[in-house]
Amino acid sequence: MGIVFPYPVAAFVSPDQVLVLVNSKISESRDLATYYMERRGIPGDNRVDLDLPMTDTISRNAYEQAVLNPITDRLQKNGLANRIKVLVTMYGIPLRVQGPQPTSQEEEWVADARGWRQSAIGLLREQEELLVQQVSSLSQDPPLLDSAIIPPAETGKDISSSQVQAWRQKFTNLLQARVEKIERNASVEEKDALMAAHAKIIHRVFGKVGTSTSINGIPPLSKEQQREKVAVQQMLGRLMQQPSSATRTHAYELVQTAFGLWGVLSLSQWEMERYRQVDGSASLDSELSFLWWEPGTYPLAGRLPNPFYLGYAGTVSDWPLPLLMVSRIDAPMVAQAKKMVDQAISTESEGLVGNVYVDARGMKKGSPLSYGFYDADMQNFAHTFRKVAQYPLTLENTEKRFTSPGQAPNVAMYVGWYRLRHYEDAFTFNPGAIGYHIASGEAVSIHNPKELGWCKNALERGITVTLGPVGEPYLDAFPLPTEFFGLLYSGKYSLVEAYYLSTRYLSWKMVLFGDPLYRPWYKADAEQQQAAQVLFDHRPYPVSPAQVVFPALGTASDQSTFPGKYEAFDARILGP
């Protein structure tokens, strides 16, 4: 479990634990860094000037050579490696890192997996046509081949794992329809032969242990079959951990026997996504959390769990290498970025004042991390914060949004749903204002004058803190309002600490914009701290990420948290 204390003494990140990252080619970046470091009292040695292009995106190779290596070299040379807890990216540092390019070996494996996939699709298509004809003959209906589940044209195109799962479900429904037609229309003499043929089809497409009990007439797996299924899954996990041409061929042979054609199709699709590192791009800031992890020791495809998250099920101190917190001081113009710093500092002394706006939709609470779940959390935040804090609060709890100029003046805090990448100019932001928009792609660019997303436009209009994704992050990448605002309101955490305690993933798409040292409620008394705790269901306050003790660099015995550069094999892809 994550480390928690019922009432820890606040221990904020200190200025000497912050490293400032600068684009040396851009004078505004250098100027902003100097300004910020002077205002926050950050030591002069806590700065690394990087030779980078003024672009939103850099390649993975450029990231490793021009960002990672200079930072780690400088920290080790200056004796700062074990002190630094927070990195701050300045105006001019790229926003995102591209996914890695496949090696020649990986390209060969992708081509081979594509061959397995095309073969499986072709054979499944044959079985589907046979089933459609049989179902039609049993009901005297003409075959409906024009509504095929598996279109032949797809065999040469890229498809997704979700398509494979949808096809599988439709195929299962077709099998179910055949059983029902046999039961309803076949004579007693015909049933045995038809069900025997049915069993052969199922064995071919689902294998010995990949069948589903949702199909009538298919009994649950016997204990022996269950043991065989587990043994095959474990064997596949070992084979795929260190892939080679030989281990991969063995894996496909095992899968075809145990899980049939659907297993082969699922494995080939998974391999193609794995070796192409699909979803391997990330925000540069989120990737920097893994500064001390050697390339190739953790997966770049997809997202990785954040062990600082207050709901993390594991133990963060078990991770063998340090993880860093990262925030960004950036805006369309450098003067606006300086204003972010000034407003954070002034708000700490004068207090955050203004109105709170919550734009929910009135949804019923759904399954965990669903749209309904997030909407219910917004509503809960609004109702609870209205009781425990003295801020005027407006809850828009219908399909309407804050859309018109002047509709949401003097914002202190805001959270709401989206109009995707189309900023609606309804807000005026007070100094120190904190707000975010739950929508995909709201931080695609900060410096493109034509960008319509939330982050660029909110920063341009004077918001002090916001966050957003550089690409599709999926809903649960956003902090829950009760957690993010609750932790901040407690006064126990700085901005970057509250964010890392409330975000679930690293090496992913999200970016935090704001002074990491910002503490809008650091003067909170015991009564306010108790009130804030109500927002996240009276759970204990988690220890700050800055207080987590990792093994000193150079002393960790291994990096076995992840299996290596590839995601671990997930047996669930093969079916029920």
Test each condition in (1) part of a helix (DSSP H, G or I); (2) at positive phi for Gly362 and report the one that comes out false. (1)
Just wondering, is there one or more residues in region 206-225 that are in contact with a helix residue (DSSP H, G or I) (Cβ under 7 Å, 6 or more places away or on another chain) and part of a helix (DSSP H, G or I)? yes
Selected residue (only one of Leu488, Leu501, Leu495 is more than 23 Å from Arg401 (Cα to Cα) and touching a Gly at 6+ places or on another chain (Cβ under 7 Å)): Leu495
Can you find even one residue in region 282-290 that is under 30 Å from Asp112 (Cα atoms) and either assigned by TED's automatic domain parsing to the domain that holds Ile159 or buried (at least 23 other Cβ atoms within 10 Å of the Cβ) (or both)? yes
If you go through region 390-407 one residue at a time, do you hit one that is under 23 Å from the mean Cα position of the chain (by Cα), modelled with pLDDT of 95 or more and either on the phi < 0 side of the Ramachandran plot or part of a strand (DSSP E or B) (or both)? no
Yes or no: Val341 part of a loop (DSSP other than H, G, I, E, B), of a type outside the set (Phe, Trp, Tyr) and modelled with pLDDT of 95 or more? no
Hey, can you tell me all the residues within region 483-518 that are under 27 Å from Val444 (Cα atoms) and part of a loop (DSSP other than H, G, I, E, B)? Ser494, Thr503, Arg504, Ser507, Trp508, Lys509, Gly514, Asp515, Pro516, Leu517, Tyr518
Confirm whether Tyr423 is surrounded by fewer than 16 Cβ atoms within 10 Å (Cβ to Cβ), in contact with a Leu (Cβ under 9 Å, 6 or more places away or on another chain), in the same structural domain as Leu488 (by TED's automatic domain parsing) and among the aromatic types (Phe, Trp, Tyr). no
Only listed residue being under 22 Å from the mean Cα position of the chain (by Cα) and closer than 24 Å to Gly441 by Cβ, chosen from Val326, Val358, Val316: Val326
Residue that is nearest to Leu352 (Cα to Cα) [pool: residues in region 513-539 that are within 25 Å of the chain's Cα centre (by Cα) and modelled with pLDDT under 90]: Phe536
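To keep it simple, each residue is scored yes or no on (1) assigned to a loop (DSSP other than H, G, I, E, B); (2) touching a residue at least 24 places away in the same chain (Cβ under 8 Å).
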{"residue": "Val232", "(1), (2)": "no, yes"}
{"residue": "Met235", "(1), (2)": "no, no"}
{"residue": "Thr247", "(1), (2)": "no, no"}
{"residue": "Phe259", "(1), (2)": "no, yes"}
{"residue": "Gly263", "(1), (2)": "no, yes"}
{"residue": "Gly296", "(1), (2)": "yes, yes"}
{"residue": "Pro307", "(1), (2)": "yes, yes"}
{"residue": "Gly311", "(1), (2)": "yes, yes"}
Would you confirm whether or not region 447-456 contains a residue that is of a type outside the set (A, V, I, L, M, F, W, C), touching a residue at least 40 places away in the same chain (Cβ under 8 Å) and crowded, with 18+ Cβ neighbours inside 10 Å? yes
Of all residues in region 41-68, how many are buried (at least 18 other Cβ atoms within 10 Å of the Cβ), in contact (Cβ under 8 Å) with a residue 40 or more places away in the chain, touching a strand residue (DSSP E or B) at 6+ places or on another chain (Cβ under 9 Å) and not in a loop (DSSP other than H, G, I, E, B)? 5
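The values are calculated or read from the model by the stated rules, or taken from the named source; none is laboratory data. Everything quoted here is computed from the prediction, not taken from an experiment. A quick note on method: Cβ atoms are made from the backbone with ideal geometry, for glycine too, and the neighbour counts reach across all protein chains shown.
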